[in-house]
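Undergrad: Have a look at the structure that comes next, please.
The values are calculated or read from the model by the stated rules, or taken from the named source; none is laboratory data. Note that the coordinates shown come from a computational prediction; the quantities given were computed from them, not determined experimentally. Note that each Cβ is placed from the backbone with ideal geometry, even for glycine, and that neighbours are counted across all protein chains shown.
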Amino acid sequence: MVKNTTPYIGKIKFKFEKYPEYTGKSKLNKIHFNLGFTKLVSRITPHRDLDGWLINPECKYFIDKHTNGKIGSHYFGDTPELKREQHLPNSFLTKDGEYIGDIERGWWYYKNNMKVCEKYPHGVAEVYDDNNKLIGYHGYTHRGGQTFKIGDRLFDADYKPKEEDYEEWEWAGWEYKYLELYGKSDKLDKKWMRESGISYVIPYKKRGKLVIEDMGMALQAAINMSKDLS
């Protein structure tokens, strides 16, 4: 039996697809085998109710219980009448009702052991280990994300990496990766790489002069990165 990795209830089928990440009447459940020229995937076609795709109540329970957020309707509009009519059901909200994303965002929080960051709920999540200990902050947008922990760098979008700020082995590894990737890239990618310089291959958690010494700095790094990618 194929495990349902989504927060929806529906019918799962296997398919061969080269680009399975799209969402339409169905959505990707899991890539089982990547064969290069194509992939064997499972897709779920969710059942529907009046609010749209039918939500698995167990998933809603886990999100409500473990993420410091909740699933509910997000109401918007300039007047009370419009707010009653214009709403997004099954949204992922803070405890105070601020909108964070859809239920898939909440399910992503739960599966990655993350919780709502009350200080910066839009674009930053608290990250916990298996013992429920806070270990870092994850900054994200629709373009990507990065977790920052003690020992990483305080991300600074204006920072230009300098060889003297890093260990010799780190810098040498990035130089090798940059040259190797540059040789395999097309003209457009090479243009972007020249504009970015070695920052193109340096992870966000290493792009900054200051080393993160406490959770306050980790939070600031995640906020900085989230703002930069917005």
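Undergrad: Name the residues in the stretch 10-31 that are more than 28 Å from D129 (Cβ to Cβ) and free of Cβ contacts under 8 Å to residues at least 12 places away in the same chain, would you?
TA: Once the filter is applied, which keeps residues that are more than 28 Å from D129 (Cβ to Cβ) and free of Cβ contacts under 8 Å to residues at least 12 places away in the same chain, the stretch 10-31 yields Y19, E21, Y22, T23, G24.
Undergrad: If a residue must be on the phi < 0 side of the Ramachandran plot and exposed (fewer than 11 other Cβ atoms within 10 Å of the Cβ), how many such residues does the stretch 129-159 contain?
TA: Selection size over the stretch 129-159: 7.
Undergrad: Would you check if I150 is more than 29 Å from G72 (Cβ to Cβ), in contact with a strand residue (DSSP E or B) (Cβ under 9 Å, 6 or more places away or on another chain) and outside the structural domain of C59 (by TED's automatic domain parsing)? Talk me through it step by step, then tell me what you get.
TA: On the way: more than 29 Å from G72 (Cβ to Cβ): yes; in contact with a strand residue (DSSP E or B) (Cβ under 9 Å, 6 or more places away or on another chain): yes; outside the structural domain of C59 (by TED's automatic domain parsing): yes.
It is true that I150 is more than 29 Å from G72 (Cβ to Cβ), in contact with a strand residue (DSSP E or B) (Cβ under 9 Å, 6 or more places away or on another chain) and outside the structural domain of C59 (by TED's automatic domain parsing).
Undergrad: In this structure, does G139 turn out to be closer than 24 Å to R207 by Cβ and either at pLDDT below 95 or over 17 Å from the mean Cα position of the chain (by Cα) (or both)?
TA: Values: closer than 24 Å to R207 by Cβ: yes; either at pLDDT below 95 or over 17 Å from the mean Cα position of the chain (by Cα) (or both): no.
Against the criterion (closer than 24 Å to R207 by Cβ and either at pLDDT below 95 or over 17 Å from the mean Cα position of the chain (by Cα) (or both)), G139 does not qualify.
Undergrad: Scanning the stretch 20-46 for residues that are of a type in the set (S, T, N, Q) and outside any loop (DSSP other than H, G, I, E, B), which turns out surrounded by the most Cβ atoms within 10 Å (Cβ to Cβ)? Spell out the reasoning first.
TA: Looking only at the stretch 20-46, we keep the residues that are of a type in the set (S, T, N, Q), and these are 23, 26, 29, 34, 38, 42, 45.
So of that shortlist, the ones also outside any loop (DSSP other than H, G, I, E, B) come out as 23, 29, 34, 42, 45.
On the way: T23: 9, N29: 22, N34: 10, S42: 19, T45: 16.
Ranking the candidates gives N29 first.
Undergrad: Within the stretch 169-184, can one find any residue that is touching a residue at least 40 places away in the same chain (Cβ under 8 Å), crowded, with 17+ Cβ neighbours inside 10 Å and either of a type outside the set (F, W, Y) or more than 18 Å from G139 (Cβ to Cβ) (or both)?
TA: So the first thing to find is which residues in the stretch 169-184 are touching a residue at least 40 places away in the same chain (Cβ under 8 Å), and the list is none.
No, the stretch 169-184 contains no residue that is touching a residue at least 40 places away in the same chain (Cβ under 8 Å), crowded, with 17+ Cβ neighbours inside 10 Å and either of a type outside the set (F, W, Y) or more than 18 Å from G139 (Cβ to Cβ) (or both).
Undergrad: From the residues in the stretch 1-19 that are in contact with a Ser or Thr (Cβ under 8 Å, 6 or more places away or on another chain) and assigned to a loop (DSSP other than H, G, I, E, B), which one is modelled with the lowest pLDDT? Walk me through how you get there before you give the answer.
TA: Let us first name the residues in the stretch 1-19 that are in contact with a Ser or Thr (Cβ under 8 Å, 6 or more places away or on another chain), namely 2, 10-18.
Retained after the next criterion (residues that are assigned to a loop (DSSP other than H, G, I, E, B)): 2, 18.
On the way: V2: 90, K18: 95.
Looking at the filtered set, the residue picked out is V2.
Undergrad: Condition check: closer than 24 Å to H138 by Cβ and in contact with a helix residue (DSSP H, G or I) (Cβ under 8 Å, 6 or more places away or on another chain). Does K115 satisfy that?
TA: On the way: closer than 24 Å to H138 by Cβ: yes; in contact with a helix residue (DSSP H, G or I) (Cβ under 8 Å, 6 or more places away or on another chain): yes.
The answer is yes for K115.
Undergrad: Then there is this: Does L50 qualify as being at pLDDT below 95, under 30 Å from L134 (Cβ atoms) and over 17 Å from the mean Cα position of the chain (by Cα)?
TA: no
Undergrad: Still on this structure, please answer the following. For the stretch 130-139, indicate whether the set of residues that are of a type in the set (A, V, I, L, M, F, W, C), more than 30 Å from Y109 (Cβ to Cβ) and in contact with a Phe, Trp or Tyr (Cβ under 8 Å, 6 or more places away or on another chain) is non-empty.
TA: Keep residues of the stretch 130-139 that are of a type in the set (A, V, I, L, M, F, W, C), which gives 134-135.
If we keep only those that are more than 30 Å from Y109 (Cβ to Cβ) as well, we get none.
For the stretch 130-139, residues of a type in the set (A, V, I, L, M, F, W, C), more than 30 Å from Y109 (Cβ to Cβ) and in contact with a Phe, Trp or Tyr (Cβ under 8 Å, 6 or more places away or on another chain): absent.
Undergrad: On the basis of being within 23 Å of the chain's Cα centre (by Cα), surrounded by fewer than 17 Cβ atoms within 10 Å (Cβ to Cβ) and closer than 25 Å to I135 by Cα, does K209 make the cut? Please lay out each step first, then the result.
TA: Numbers: within 23 Å of the chain's Cα centre (by Cα): no; surrounded by fewer than 17 Cβ atoms within 10 Å (Cβ to Cβ): yes; closer than 25 Å to I135 by Cα: yes.
The answer is no for K209.
Undergrad: Give me the pairs, please: first residue somewhere in the stretch 33-51 and of a type in the set (F, W, Y), second residue anywhere and surrounded by 10 or more Cβ atoms within 10 Å (Cβ to Cβ), beta-carbon distance under 6 Å, and either six or more positions apart or on two chains.
TA: Cβ pairs passing all conditions: F33/L40.
Undergrad: Among the residues of the stretch 73-91, how many are at pLDDT 70 or above, on the phi < 0 side of the Ramachandran plot and not aliphatic (A, V, I, L, M)?
TA: 8
Undergrad: Among the candidates K95, K70, which residue alone is surrounded by fewer than 17 Cβ atoms within 10 Å (Cβ to Cβ), in contact with a strand residue (DSSP E or B) (Cβ under 7 Å, 6 or more places away or on another chain) and closer than 29 Å to Y137 by Cβ?
TA: Working: K70 fails: surrounded by fewer than 17 Cβ atoms within 10 Å (Cβ to Cβ).
Answer to the selection: K95.
Undergrad: Right, something else. I'd like to check which strands (runs of 3 or more DSSP E) are fully inside the stretch 53-161 and have at least 2 residues that are under 25 Å from I9 (Cα atoms). Before you say what the answer is, go through the steps one by one.
TA: Details: elements: 69-75, 87-94, 99-102, 114-116, 124-128, 134-141, 144-148.
It comes to 69-75, 87-94, 99-102, 114-116.
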